[in-house]
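As structure tokens, the structure follows; a few thoughts come after it.
The values are calculated or read from the model by the stated rules, or taken from the named source; none is laboratory data. Bear in mind that the values here come from a model prediction, so they are computed numbers and not experimental data. Every residue, glycine among them, receives a Cβ derived from its backbone with ideal geometry; neighbour counts consider all protein chains shown.
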């Protein structure tokens, strides 16, 4: 079944590259996404067994991250169909500088989207560190053409930065892999295979200095891709220049996949009795990322960049939560789910706003609530959710993480986190609320036939989901979250 | 056994130093190609298992890709671009060449402090691998042309790979091939992007890519 999960989008990607008719290709995109989500959700009832000598398996973290990726991709596929319909072929004028540019062929875009899904599925299902590295690097390569959909110099710059910075970062994670292999080599010369289960079983025999070095390289390598400050520099550019549907996938799914790489390394560290080493580093990087993001969110004039920096902030919170261990890990996993859904929703709505106002500068956008009322309401709801106000899911997960800090007696970290979060709240609220309210400038009008269903339904569904997660966590989800936390040495 | 491995290591050091001092992009591509071929020989001489098909496959794949396909792809990109040399790097060539031996000395010092039993890897492998990684990173940050940055990425990859051959002796073939495939795809995609950069800007200087800030 895991093979099916990987093969379906792979075959569909091949088809998408070859098919000429737009309608058929879009149909394949949505059908593939639905099949993938159905298969993934069925794994919650019957967990598929290991295949390929245990290299591919769905354990609790894998299942959790695969489900997020799959659900997000389904929503993105639906949204993308609506988006691609409005992007007519031929030359078009750039919103900001007025020059003419073309889009990449739609077949390439759809094919790369499906390849992106394939590679992310491989990341979440692989248990072998080497295979996982191959998959993470492949996600970079599959998503680079997506960022370069609008063919002009700004997206070109963003794509180049993304490719080079992430490839170099991930190359360092490869070094981490080799260090891990050195740590797993006993003095007699025989070594443990780099499969997670075997490494955890032999955790006590791993060579500690090599393991620590390996963790450092994993943290730096995958941390670059995940967007931990100060390694995040590609992230705001890529998120602001790519189409909103791609930004949603990058932020909600890809960053999580990179985080999974760090989680796996931390699992091995925990098995070797070195969990404190990794945890302290994660807390440090986490706090630094939140602080960095806060500085750049305050006074940010581009609303898509603001959302990108907010992703840096939330990746910091994830790292911080896992760094606390125990209940903090549980909170971090819950936070990953909430953040993915909320941020994807916000990027979808940002895409709707961009389509109407044709600018990414927040001060030029006024009166979203009047021009496109449904998107306006969702924009405000998303803002309230992402800044951690009740009754949305992020409030609950941030509350869990802060409570874990206080229970561990780490009051100062809690104070620092809360003050940074309130700074970010102030920064985002001044931007978002001004955009939503006020009188739209002349010449701005919403779509004549009302807002398109395909542009509204995906974010609206996510809004309902995060509201639900703030009030009630289904027991199945909760038990998987607990399983992840246990695997990382918590209880 | 160590003689041939050490020869390859010395060869790596020399090619690295040459890269630091060369401004012609065509020459740089050829030097990286030769480095790739030397690297392809490494698993054969390091493990000395002449009967093992795994090693031959690996060596063949590395030499074919790093010595043949990559140089071909990159020189094609170079022909289509308007630049043939790196005129004003961020760090001048004199300074770059002086940095090389200093970095090499640092790498020897660092590796003397790493706990690694000599039966795993001959003594030269670790410092040279580290040195190659550092040269790769240095090329990426100190040069302006997109093409030189890709070469830097390849050198970095070569260094990491040298480590891998020495440390992870029992890496499964599937993973090795996967890594090679990824690097291939990376060079391919980067080549396409360089092509677009050249068409959009009429040059491949990445320091002009600076409209996205804060």
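Yes or no: residue A:155 touching a helix residue (DSSP H, G or I) at 6+ places or on another chain (Cβ under 6 Å) and modelled with pLDDT of 90 or more?
The answer is no for residue A:155.
Quick check: anything in region B:144-163 without any contact (Cβ under 8 Å) to a residue 40 or more places away in the chain, facing chain A (nearest Cβ under 9 Å), buried (at least 23 other Cβ atoms within 10 Å of the Cβ) and closer than 18 Å to residue B:47 by Cβ?
Scanning region B:144-163 turns up at least one residue that is without any contact (Cβ under 8 Å) to a residue 40 or more places away in the chain, facing chain A (nearest Cβ under 9 Å), buried (at least 23 other Cβ atoms within 10 Å of the Cβ) and closer than 18 Å to residue B:47 by Cβ.
Within region A:3-24, identify whether any single residue is within 18 Å of residue A:124 (Cβ to Cβ), touching a strand residue (DSSP E or B) at 6+ places or on another chain (Cβ under 7 Å) and touching a residue at least 24 places away in the same chain (Cβ under 8 Å), and answer yes or no.
Scanning region A:3-24 turns up at least one residue that is within 18 Å of residue A:124 (Cβ to Cβ), touching a strand residue (DSSP E or B) at 6+ places or on another chain (Cβ under 7 Å) and touching a residue at least 24 places away in the same chain (Cβ under 8 Å).
What are the pairs with Cβ atoms under 6 angstrom where one residue, in region B:179-198, is at pLDDT below 85 and the other, located anywhere, is not in a helix (DSSP H, G or I)? Sequence gap at least six, or different chains.
B:194/B:204; B:197/B:204; B:198/B:81; B:198/B:204
Go through (1) surrounded by fewer than 23 Cβ atoms within 10 Å (Cβ to Cβ); (2) part of a helix (DSSP H, G or I) and name the single condition residue A:282 misses.
(1)
Going residue by residue through region A:102-119, is there one that turns out to be farther than 27 Å from residue A:5 by Cβ, without any contact (Cβ under 8 Å) to a residue 24 or more places away in the chain and in contact with a strand residue (DSSP E or B) (Cβ under 9 Å, 6 or more places away or on another chain)?
no
Please pick out the residue among A:271, A:319, A:327 that is closer than 26 Å to residue A:204 by Cα and buried (at least 24 other Cβ atoms within 10 Å of the Cβ).
A:319
What number of residues in region A:149-171 are in a helix (DSSP H, G or I) and under 21 Å from the mean Cα position of the chain (by Cα)?
Summing the residues that are in a helix (DSSP H, G or I) and under 21 Å from the mean Cα position of the chain (by Cα) in region A:149-171 gives 15.
Would you check if there is a residue in region A:449-456 being closer than 15 Å to residue A:382 by Cβ and assigned to a helix (DSSP H, G or I)?
Yes, that holds for at least one residue.
So is residue A:72 farther than 28 Å from residue A:353 by Cα and in contact with a helix residue (DSSP H, G or I) (Cβ under 7 Å, 6 or more places away or on another chain) or not?
For residue A:72, the condition - farther than 28 Å from residue A:353 by Cα and in contact with a helix residue (DSSP H, G or I) (Cβ under 7 Å, 6 or more places away or on another chain) - is not met.
Within region A:99-109, is even one residue touching a helix residue (DSSP H, G or I) at 6+ places or on another chain (Cβ under 9 Å), surrounded by 21 or more Cβ atoms within 10 Å (Cβ to Cβ) and modelled with pLDDT under 95?
Among the residues of region A:99-109, at least one is touching a helix residue (DSSP H, G or I) at 6+ places or on another chain (Cβ under 9 Å), surrounded by 21 or more Cβ atoms within 10 Å (Cβ to Cβ) and modelled with pLDDT under 95, which makes the answer yes.
Select, from A:82, A:130, the only residue that is within 11 Å of chain B (Cβ to nearest Cβ) and either outside any strand (DSSP E or B) or surrounded by fewer than 23 Cβ atoms within 10 Å (Cβ to Cβ) (or both).
That would be A:130, the only listed residue that is within 11 Å of chain B (Cβ to nearest Cβ) and either outside any strand (DSSP E or B) or surrounded by fewer than 23 Cβ atoms within 10 Å (Cβ to Cβ) (or both).
Pick out the one residue from A:213, A:238, A:184 that is in contact with a helix residue (DSSP H, G or I) (Cβ under 8 Å, 6 or more places away or on another chain), within 12 Å of another protein chain (Cβ to nearest Cβ) and more than 24 Å from residue A:167 (Cα to Cα). First the steps, then the outcome.
Values: A:213 fails: more than 24 Å from residue A:167 (Cα to Cα); A:238 fails: more than 24 Å from residue A:167 (Cα to Cα).
Of A:213, A:238, A:184, the one residue that is in contact with a helix residue (DSSP H, G or I) (Cβ under 8 Å, 6 or more places away or on another chain), within 12 Å of another protein chain (Cβ to nearest Cβ) and more than 24 Å from residue A:167 (Cα to Cα) is A:184.
Quick one: residue B:110 ticks every box in (1) under 22 Å from residue A:169 (Cβ atoms); (2) over 20 Å from the mean Cα position of the chain (by Cα); (3) more than 14 Å from chain A (Cβ to nearest Cβ) bar one, so which box is it?
Evaluating residue B:110 over (1) under 22 Å from residue A:169 (Cβ atoms); (2) over 20 Å from the mean Cα position of the chain (by Cα); (3) more than 14 Å from chain A (Cβ to nearest Cβ) leaves (3) as the failure.
Evaluate region B:147-160: report whether one residue or more is within 24 Å of residue B:29 (Cα to Cα) and either in contact with a strand residue (DSSP E or B) (Cβ under 8 Å, 6 or more places away or on another chain) or modelled with pLDDT under 85 (or both).
Within region B:147-160, the subset within 24 Å of residue B:29 (Cα to Cα) is B:147-160.
Adding the requirement that they be either in contact with a strand residue (DSSP E or B) (Cβ under 8 Å, 6 or more places away or on another chain) or modelled with pLDDT under 85 (or both) leaves none.
The answer is no; no qualifying residue exists.
Can you name the residue in region A:218-229 that is farther than 26 Å from residue A:153 by Cβ and either facing another protein chain (nearest Cβ under 10 Å) or not in a helix (DSSP H, G or I) (or both) and is also modelled with the highest pLDDT among such residues?
Checked region A:218-229; the qualifying residue modelled with the highest pLDDT is A:228.
Does residue A:141 satisfy the condition of being more than 7 Å from chain B (Cβ to nearest Cβ), under 25 Å from the mean Cα position of the chain (by Cα), under 25 Å from residue A:65 (Cα atoms) and modelled with pLDDT of 90 or more?
Against the criterion (more than 7 Å from chain B (Cβ to nearest Cβ), under 25 Å from the mean Cα position of the chain (by Cα), under 25 Å from residue A:65 (Cα atoms) and modelled with pLDDT of 90 or more), residue A:141 does not qualify.
Output yes when any residue across region B:87-108 is more than 30 Å from residue B:126 (Cα to Cα), surrounded by 15 or more Cβ atoms within 10 Å (Cβ to Cβ) and in contact (Cβ under 8 Å) with a residue 60 or more places away in the chain, and no when none is.
No, region B:87-108 contains no residue that is more than 30 Å from residue B:126 (Cα to Cα), surrounded by 15 or more Cβ atoms within 10 Å (Cβ to Cβ) and in contact (Cβ under 8 Å) with a residue 60 or more places away in the chain.
Kindly indicate whether residue B:23 is at pLDDT below 90 and surrounded by 15 or more Cβ atoms within 10 Å (Cβ to Cβ).
In short, yes.
Among the candidates A:175, A:146, which residue alone is more than 8 Å from every other protein chain (Cβ to nearest Cβ), part of a helix (DSSP H, G or I) and on the phi < 0 side of the Ramachandran plot?
When all the criteria are applied, what remains is A:146.
Against the definition (modelled with pLDDT of 80 or more, under 12 Å from the mean Cα position of the chain (by Cα) and either under 21 Å from residue B:85 (Cβ atoms) or more than 9 Å from chain A (Cβ to nearest Cβ) (or both)), how does residue B:125 come out, yes or no?
So residue B:125 fails the test.
Please work out which residue is modelled with the lowest pLDDT, limiting yourself to region B:42-56 and to residues that are out of contact with any helix residue (DSSP H, G or I) (no Cβ under 7 Å at 6 or more places or on another chain) and part of a helix (DSSP H, G or I). Please lay out each step first, then the result.
At the first step, the residues of region B:42-56 found to be out of contact with any helix residue (DSSP H, G or I) (no Cβ under 7 Å at 6 or more places or on another chain) are B:48, B:50-53, B:56.
From what is left, the residues that are part of a helix (DSSP H, G or I) are B:53, B:56.
Details: B:53: 81, B:56: 86.
Only one residue fits best here, namely B:53.
Considering region B:9-41 alone, what residues qualify as being within 18 Å of residue B:95 (Cβ to Cβ) and part of a helix (DSSP H, G or I)?
Within region B:9-41, B:16, B:17, B:18, B:19, B:20, B:21, B:28 qualify.
Looking only at region A:194-204, filter to residues that are under 29 Å from the mean Cα position of the chain (by Cα) and surrounded by fewer than 21 Cβ atoms within 10 Å (Cβ to Cβ); which one of those is nearest to the other protein chains (Cβ to nearest Cβ)?
Residue satisfying both the conditions and the ranking: A:195.
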